[in-house]
1. Taking K and R as +1 and D and E as -1, what net charge do the other residues with C-beta under 11 Å from the C-beta of Gly36 add up to?
2. Which entries in the list Lys7/Lys58; Lys58/Lys117; Lys7/Lys117; Lys2/Lys117 go over 29 Å, if you measure between the two C-alpha atoms of each?
3. What are the ³J(HN,Hα) couplings of the range 28-43, residue after residue, when phi is run through the Karplus curve with 6.51, -1.76, 1.60 and θ = phi - 60°? Round to Hz, x for glycine and proline.
4. Taking every DSSP beta bridge with both residues inside the chain, roughly what % is antiparallel (nearest 5)?
5. Under 10 Å, Cα contacts only: if you run a Gaussian network model on the chain, which one of Leu103, Leu149, Leu79 comes out with the highest mean-square fluctuation?
6. Explain nothing, just compute: Karplus ³J(HN,Hα) = 6.51 cos²θ - 1.76 cosθ + 1.60, θ = phi - 60°, for every residue of the range 163-173 in order, whole Hz, x for Gly and Pro.
7. Charges on Cβ only, +1 for Lys and Arg, -1 for Asp and Glu, centred on the Cα centroid of the range 95-186; of Thr146, Leu177, Asn118, which one is farthest towards the dipole's positive end?
8. Starting from the amide H of Gly65, placed 1.01 Å from N in the peptide plane, find each other amide H under 5 Å away whose residue is 5 or more places distant or on another chain.
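The values are calculated or read from the model by the stated rules, or taken from the named source; none is laboratory data. All values derive from a computational prediction rather than experimental measurement. Positions of Cβ are backbone-derived with ideal geometry, glycine not excepted, and every protein chain shown enters the neighbour counts. Surface areas here come from the heavy atoms of the whole protein model, side chains and all, with no ligands, DNA or RNA. Shrake-Rupley method; radii C 1.70, N 1.55, O 1.52, S 1.80 Å.
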Amino acid sequence: MKTFQYKNTTFEVVQGNIVEQEVDVIVNAANSSLLGGGGVDGAIHRAGGPSILEECKKIRAAQGGCSTGEAVVTTAGDLPAQHLVHTVGPVWRGGNDGEMVLLERAYRNSLELAAQKNASSIAFPSISTGAYRFPLDRASYVAVRTAILFLDEGGTIDTVRFVLFGDRDFEIFSEVLDEVTQTMTG
């Protein structure tokens, strides 16, 4: 685990499984249908049980899914959290199609929904870096920078945890955490 303290918030980068994180809010890297899928989304739906899918179906019926960069919240089903935030990250198309802005929006909207639920802790997967092919170093930069800006703008949360599955992902994310925090907190 790698940690960093900023203001009253602890940033953590851990290697592990997002579905095992004991936090107030777990973030799901969802697809726009909200009906589950592969990767993190599929793992969360399997581990969380059918109540998550039922809530997602109600959201779909009310608003027609979830657009890229947006987020919605459900209960966490059988996961060790109170809430589950589903956010849709962008597919990487080379970096000239607004991907950085959309990914920032996905992280920011997730943090804002967590704050609305009075969460003191949140766990993020690495949004968009799997099947959506967003480069991990760029995605890590966006994730950490967005969380720091959220805090600078008055957002409050005690623990922001980034959960990486593989060794290489953990190492890259840890390096980016160091770089971003040195640059932004100088």
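1. Cβ neighbours under 11 Å give a net charge of +1.
2. Correct reply: Lys7/Lys58.
3. Working through the residues one at a time gives 9, 7, 8, 9, 5, 6, 6, 9, x, x, x, x, 4, 4, x, 4 Hz.
4. Of those bridges, close to 35 percent are antiparallel.
5. For the chain, modelled as a Gaussian network with Cα springs under 10 Å, the answer is Leu149.
6. Karplus-based 3J(HN,Hα) across the range 163-173 equals 10, 10, 7, x, 4, 4, 4, 4, 5, 5, 4 Hz.
7. Asn118
8. Arg60
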